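As structure tokens, the structure follows; a few thoughts come after it.
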Amino acid sequence: LRRLTASVRTAPIITHLLSNGRYAVMLTATGAGYSRWRNMAVTRWREDVTRDDWGTFIFLRDLQGGKLWPAAGGFGEHDAIAFGEDHAEFSHRDGAMITTMDILVSGEVDGEVRRVSLTNSGRRAREIELTSYAELVLTHPAADNAHPAFAKMFIQTEYLPEFGALVATRRPRAPDEAPIWAAHFAVVEGEVAADPQYETDRARFLGRGRSVATA
């Protein structure tokens, strides 16, 4: 199975599901969607056909020119999406810079991989900053939908420098509640120009009155 689309501006919403039987990722053609582990929501998602802006996103910013774009591309003439049996691929070309993001669910462990590849065919060296964003849930989707503000109060996060990873867990509400943990980290192939930074406060990252697109 391989579905291809060149633009999502006027087409109906296309969805794709990747799963190993325990961990699942649902994607739309804009790169939005959700991640779930068994019956637990890992990331927050709301069905919204007009905005379609819930999910896990990776943004890129040109540090010289300041231009910002999502790794999943957008609605440009040179954007393409391919949904295969075991992965999804988003491609975006802007001049001499090509961004490709492959998404897959591991068959061995319960987790997902998002591989971002940058190709610069121009003569000028580029310095690109990558930022990932997601809202963690770590509880049943129905509970999060019913009381989202209450559910957010129980998420705790910590940065582990020895692993270069952000870890998150949900504080148990009952003594017999099993703890659930999630980890997020990056592996870089190539030259790293600066130390990684992190922010786990949604209000500080997005800013007042801003959306994910203008964080």
Looking at this structure, is GLY66 over 18 Å from LEU17 (Cα atoms) and buried (at least 17 other Cβ atoms within 10 Å of the Cβ)? no
Filter region 76-127 for residues that are surrounded by 16 or more Cβ atoms within 10 Å (Cβ to Cβ) and of a type in the set (Lys, Arg); which is modelled with the highest pLDDT? ARG114
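Return the residue satisfying two criteria in turn: it lies in region 33-48 and is open to solvent by 70 Å² or more (accessible area, probe 1.4 Å) and among the basic types (Lys, Arg), and of such residues it is nearest to THR15 (Cα to Cα). Please lay out each step first, then the result.
Within region 33-48, the subset open to solvent by 70 Å² or more (accessible area, probe 1.4 Å) is 36-39, 47.
From what is left, the residues that are among the basic types (Lys, Arg) are 36, 38.
Numbers: ARG36: 15, ARG38: 19 Å.
It comes out as ARG36.
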Could you list, in sequence order, all residues of region 191-215 that are in contact (Cβ under 8 Å) with a residue 60 or more places away in the chain and surrounded by 11 or more Cβ atoms within 10 Å (Cβ to Cβ)? ARG202, PHE205, VAL212, ALA213, ALA215
Of everything in region 65-113, what is among the charged types (D, E, K, R), within 17 Å of the chain's Cα centre (by Cα) and not in a strand (DSSP E or B)? Give them in sequence order. ASP110
In region 167-190, how many residues are in contact with a Ser or Thr (Cβ under 9 Å, 6 or more places away or on another chain) and open to solvent by less than 50 Å² (accessible area, probe 1.4 Å)? 6
Looking at LEU104, LEU136, which one is more than 20 Å from LEU17 (Cβ to Cβ) and hydrophobic (A, V, I, L, M, F, W, C)? LEU136
Every residue from region 128-166 that is within 21 Å of ASP53 (Cβ to Cβ), open to solvent by 60 Å² or more (accessible area, probe 1.4 Å) and not in a strand (DSSP E or B): ASN145, ALA149, LYS152
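The values are calculated or read from the model by the stated rules, or taken from the named source; none is laboratory data. Every value quoted in this text rests on a predicted model; they were computed, and no experiment measured them. Virtual Cβ from ideal backbone geometry, glycine too; neighbours counted across all protein chains shown. Areas reflect the complete protein model, heavy atoms only, side chains present, ligands, DNA and RNA absent. Shrake-Rupley method; radii C 1.70, N 1.55, O 1.52, S 1.80 Å.
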